[in-house]
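*Asks:* Mind having a look at this structure? Questions to follow.
Just so you know, all these numbers are worked out from the coordinates, no wet-lab data involved. Every value quoted in this text rests on a predicted model; they were computed, and no experiment measured them. Using ideal geometry, Cβ is built from the backbone for each residue, glycine included, and neighbour counts are taken over all protein chains shown.
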Amino acid sequence: MFVSGFTFVKNAVKLDYPVVEAIKSVLPLVDEMVVAVGKSEDNTREVIASIDKTKIRIIDTVWDDSLREGGKVLAVETDKAKAAISTKANWLVYIQADECIHEKYYPEIRRNMEVYKDQGQVDGLLFHYTHFYGSYDYVGDSRTWYRNEIRIIKNNPAISSWKDAQGFRKSNEKLNVIPIDAHIYHYGWVRHPKYMMAKAYEANKLWHSDEWVEERFDPSKDFDYSAIDSLKPFKGTHPEVMQERINRMNWTFSHDPSQKKFGFKAGLLYFIEKYTGWRVGENKNYKVM
């Protein structure tokens, strides 16, 4: 079995993305790692090149600013990285620049790749998601956050990134996936408030006009983490690759998990999900086998 990893990134240093940790969390699972590095305003390329010269292969790209509506450029960059993987790969492990895989899940991931490698009807493996917010001690537990997504796919040219690189499609059809007992840890909302505002400012330009962004985000100010509907304490451990970054945390975020900021409908749906496990009207970007 040959496994390729792939991702894309741009301005990771400037916007404080944990892309080094993201890539390191995938390396033990793959035989090669393709990273599409967009032309950046910092030393992102040098940082990526320094991680592991034996497995990492960089392709240099230029992001098309005309594809900003709906975040389409993110899917295009994902597909550029995917197109550069080895033709002998059976499976492709996809990770985004603010995600990590905990090492405790490696055996489960490998086992499922072996079991389903030759089952042609299986297009991918579905992961649960843990979304951190504000600090490394709290996770989102409301409908604001998606619960599952595809992060391992078969090496099939018909499979491509979907919309804003949230998931994948095969010839515009949803993928047939196997849910596995493993989580992706998402750290996209954990950084110093200054960097969080910078990230929000730049990221929203991939979906909206400059005028829309300027009205809502001020890069000279810190991000306000208090405007969140619901969080709960995180009681587990973080991936080993994240520990150094966690130790460097240089801001304070405190939150009372008992405080919920819901309207009536959102609050009702939250409690239905909490006590039944059913998310009413959940959008599933895949077909569970």
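*Asks:* List every residue whose amide H lies under 5 Å from the amide H of GLY5, counting only residues 5 or more places away in sequence or on a different chain, with H placed 1.01 Å from N in the peptide plane.
*Replies:* Excluding prolines and chain starts, which carry no amide H, the hits are ASP31, GLU32, MET33, VAL34, VAL93.
*Asks:* Also, I was wondering about something else. Give the shape of the range 59-176 as rounded, prolate or oblate, defined through the alpha-carbon gyration tensor: a ≥ b ≥ c are the square roots of its eigenvalues, a/c under 1.5 means rounded, and otherwise the shape is prolate if a/b is larger than b/c and oblate if not.
*Replies:* Oblate shape, in that a/c is at least 1.5 and b/c is the bigger or equal ratio.
*Asks:* In whole Å, how far is the Cα centre of the range 86-111 from that of the range 153-212?
*Replies:* Distance between centres, Cα-based: 16 Å.
*Asks:* Out of the DSSP beta bridges found with both residues in the chain, what percent are antiparallel (nearest 5)?
*Replies:* Antiparallel bridges: around 45 percent, rounded to the nearest 5.
*Asks:* Using P(r) over Cα pairs in 10 Å bins from 0, in percent as the read-out, say which of [x] 6, 27, 36, 25, 6, 0; [y] 6, 24, 27, 20, 13, 8, 3, 0; [z] 7, 31, 38, 21, 3, 0 was calculated from these coordinates.
*Replies:* Correct label is [x].
*Asks:* What aspartates and glutamates does LYS274 reach when the alpha-carbon gap must be under 15 Å and sequence neighbours fewer than 8 apart in one chain are set aside?
*Replies:* Of all the aspartates and glutamates, those that pass the test against LYS274 - Cα under 15 Å, at least 8 places apart if same chain - are ASP141, ASP229, GLU282.
*Asks:* Then there is this: So if I place +1 on the C-beta of Lys and Arg and -1 on the C-beta of Asp and Glu, and nothing else carries charge, what would the dipole magnitude of the chain be about its Cα centre? I want it in debye, nearest 20.
*Replies:* Taking the Cα centre of the chain as origin, the dipole is about 740 debye.
*Asks:* So, one more: At 7 Å along the Cα-to-beta-carbon direction for both GLU173 and ASP64, put a label point, then send me their distance in nm to one decimal.
*Replies:* 2.6 nm
*Asks:* Using the Cα atoms as the points, what is the convex hull volume per residue of the range 21-87 in Å³?
*Replies:* In the range 21-87, the Cα hull volume divided by residue count equals 101 Å³.
*Asks:* Also, quick follow-up: For a quick check of your reading of the filter: which GluC sites (Glu not before Pro) in the range 20-106 sit in a DSSP loop and have no more than 12 other Cβ atoms within 10 Å?
*Replies:* Here the sparse-neighbourhood loop sites are GLU41.
*Asks:* Starting from the Cα of LYS82, draw a straight line to each of the lysines and keep only those under 17 Å, dropping any in the same chain fewer than 8 residues away.
*Replies:* Candidates past the 8-residue exclusion: LYS10, LYS55, LYS72, LYS154, LYS163, LYS170.
*Asks:* Using only the Cα atoms of the range 1-50, build the gyration tensor, take square roots of its eigenvalues as a ≥ b ≥ c, and label the shape rounded, prolate or oblate: rounded if a/c is under 1.5, else prolate if a/b is larger than b/c, else oblate.
*Replies:* Taking the square roots of the gyration eigenvalues as a ≥ b ≥ c, the range 1-50 is prolate.
*Asks:* Largest first and in whole Å, give the semi-axes of the range 143-289's equivalent ellipsoid, each being the square root of 5 times a Cα gyration tensor eigenvalue.
*Replies:* Value: 28, 22, 19 Å, ordered largest first.
*Asks:* Lys and Arg at +1, Asp and Glu at -1: add these up for the other residues within a Cβ distance under 14 Å of ILE101 and post the number.
*Replies:* -4
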